[in-house]
1. Restricting the search to segment 107-128, which residues are in contact (Cβ under 8 Å) with a residue 12 or more places away in the chain and farther than 17 Å from LEU194 by Cβ?
2. Anything in segment 309-345 that is without any contact (Cβ under 8 Å) to a residue 24 or more places away in the chain, outside any loop (DSSP other than H, G, I, E, B) and of a type in the set (Gly, Ala, Ser)? List them, or say none.
3. Can you spot a residue in segment 541-549 that is in the same structural domain as ARG478 (by TED's automatic domain parsing), surrounded by 20 or more Cβ atoms within 10 Å (Cβ to Cβ) and under 28 Å from GLY477 (Cα atoms)?
4. Name the residue, out of ARG207, ARG248, ARG257, that is at pLDDT below 95, of a type outside the set (Asp, Glu), closer than 20 Å to GLY159 by Cβ and crowded, with 22+ Cβ neighbours inside 10 Å.
5. Before we move on, is VAL165 surrounded by 24 or more Cβ atoms within 10 Å (Cβ to Cβ) and either over 16 Å from HIS398 (Cβ atoms) or within 13 Å of the chain's Cα centre (by Cα) (or both)?
6. Can you run down the residue pairs with Cβ atoms below 6 Å, 6 or more apart or on separate chains, where the first is in segment 474-498 and within 15 Å of SER448 (Cβ to Cβ) and the partner is among the hydroxyl-bearing types (Ser, Thr, Tyr) and surrounded by 20 or more Cβ atoms within 10 Å (Cβ to Cβ)?
7. Only one residue in VAL100, VAL77 is within 19 Å of the chain's Cα centre (by Cα) and not small (Gly, Ala, Ser). Which one?
8. Can you report the number of residues in segment 194-233 which are in contact (Cβ under 8 Å) with a residue 40 or more places away in the chain, among the small types (Gly, Ala, Ser) and under 13 Å from SER145 (Cβ atoms)?
Amino acid sequence: MGKASRKKKPSRPDATQPHVETHRDVRAAGSAPGTVRAAAHAPTPTSIFSGRALWVSLALIAANLVIYAPVRRFPFVNTDDGVYVTGNSHVLQGLSWANVEWALTEARVPYWHPLTFLSHMLDVQLYGTSAGGHHITNVILHIASTLLLFGLLVEMTGGLWRSAVAAALFGLHPLRVESVAWIAERKDVLSTLLWIATTWAYVRYVRRPESKQYATVIVLFALGLMAKPMIVTLPFALLLLDYWPLERTGFYSSSQRQAVPVRALIKEKIPLFALALLASLGTFSAQRQVGAVESLEAIPLSLRAAGGLVSYVAYIGDLFWPARLAALYPYPRSVAPTALISAAVILAAVTALVVLARRRRPYLLVGWLWYLGTLVPVIGLIKVGPVARADRFTYVPHIGLLLMLVWGVADLLSRLPRRRLVLAPLAAAALTACTVAARRQVGYWKTSSALWEHTLAITRDNGVAHFNYGLVLATEGRTDEGIRHLREAVRLEPDFAMAHNRLALALDGRGDHAGATVELAEVVRLMPESAEAHSNLGASLAKEGKIAEAIAEFSQAVLLDPKDAKSRARLAYLKGGGRPK
């Protein structure tokens, strides 16, 4: 008698595999063009507010509060907070139809981000001009992003603990501090929340490809672009998720799911790519109008590309060893050949390895391309502002590296007999280190003085940091120290018109009118079409008794701006024989 036949037990689902249903190559009724109908057996989404996931969510909230609790007592800082709140008359008036219209049409800022301005107006409506309330909103948005990322990863991959560790590293890492503790970076925390929400809506759409689901994706993405246009790379990231963990492409076989043609996946996202293109063109145009885009003559493309490669590697280093984080990293005047070659070799080697491992470990390729791709808008090829890199730029890109790290380590140790005895302490140690380092980093944002003092302590040749610190010192009545830092700023950045202007004001306040005139002459040289610059120089020349030269400057100011009543009055006074007191 033969062996009794046994029913083969179903294999236990791999926790790393995504909970995504099989797709059939059938056009979905009422769905967006280019999509396919999902199978009816889609799993029930996991809630982050039930079971073990609830405890993870509560732990994430608690850990973030431990890190960011001090910010409720922090004031505004003297860099960009004035643009967005303290010096913005529209924002300070709170929400009104007139201010909503202003937010939607304002074109004198480098970005079109009306949703960000509206959120600041809402804060003024709720908290007034108290900085603490504005800080609290940033913290709430960041915690919401952390929780949404946790839920999104669980829903896509089914791995509760891997998702928990990845979300915790995202939320607690010291690199997040700049985005959260700096009120002006509301655009960062708000747009990232909308990025993750858009991605979650996309996952729901993949499971049920209906027009209303797709419309939700489009609306959330549009709102994200209205918060910060850096998220233009989101459609590209969604294509990566189609590869893994959504497994829609069929490029690797870990299941019996039928593939969706890549052409169909791209066609499906055409409306998103169109929105991204419009946002990119609008942002570039706005930045050029306000003079925020550096010309290729000022910074050659070769230097930009070299700096970008080095920054890619630097951001990876900061993920693993966030020891010297600054509010501003000055743009390098050159890149050492050894640094450039090392960066190129590292990036090429990692790229080759993840491509080779793409079938067995597809998350490595997805995470790496996510990191490389989402950094493109801020890697420096289009140079905007004086920074080489910034901690805030890693907010979304580092999600890709965290996927590589967490899933990679878990797979690497998967064959250990008691791997939980290794993985749990390893994760606990990493998260504890992040929490301690982030709490310390938060402390540097307690005042403008502390922020720029720390920045100058860990960076070199940082003209903008000297400028900002000089302003703080001058405001605090430490005029001589302030002048010293402002002089250093113009030495390091001789074409920094605002630094020359502020140094002139400080010198004038100390009675050094001749010194002020020299600096204001530099401002006129750098900004010859500025009526205000000519008027200020005329006032300084008049104080020195150089009346003829002062009259010439006031005349030029009136010529450039016929509505400049102050310059007209000064000009008439001097021409009438009046003398400065």
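1. Step one: list which residues in segment 107-128 are in contact (Cβ under 8 Å) with a residue 12 or more places away in the chain, which gives 107-125.
Answer for segment 107-128, where residues must be in contact (Cβ under 8 Å) with a residue 12 or more places away in the chain and farther than 17 Å from LEU194 by Cβ: ALA107, ARG108, VAL109, PRO110, MET121, ASP123, VAL124, GLN125.
2. Residue satisfying the conditions is GLY317 alone.
3. Here is the first cut: in segment 541-549, the ones in the same structural domain as ARG478 (by TED's automatic domain parsing) are 541-549.
Applying the additional criterion that residues be surrounded by 20 or more Cβ atoms within 10 Å (Cβ to Cβ) yields 541-542.
Next, from what is left, pick out any that are under 28 Å from GLY477 (Cα atoms): 541-542.
For segment 541-549, residues in the same structural domain as ARG478 (by TED's automatic domain parsing), surrounded by 20 or more Cβ atoms within 10 Å (Cβ to Cβ) and under 28 Å from GLY477 (Cα atoms): present.
4. Values: ARG207 fails: crowded, with 22+ Cβ neighbours inside 10 Å; ARG257 fails: crowded, with 22+ Cβ neighbours inside 10 Å.
Just a single option satisfies the conditions, and that option is ARG248.
5. For VAL165, the condition - surrounded by 24 or more Cβ atoms within 10 Å (Cβ to Cβ) and either over 16 Å from HIS398 (Cβ atoms) or within 13 Å of the chain's Cα centre (by Cα) (or both) - is not met.
6. HIS485/TYR469
7. Details: VAL100 fails: within 19 Å of the chain's Cα centre (by Cα).
Exactly one residue qualifies, and that residue is VAL77.
8. The total comes to 2.
The values are calculated or read from the model by the stated rules, or taken from the named source; none is laboratory data. All of these numbers come straight from a predicted model, not from anything done at the bench. So basically every Cβ, Gly included, is an ideal-geometry build from the backbone, and we count neighbours across all protein chains shown.
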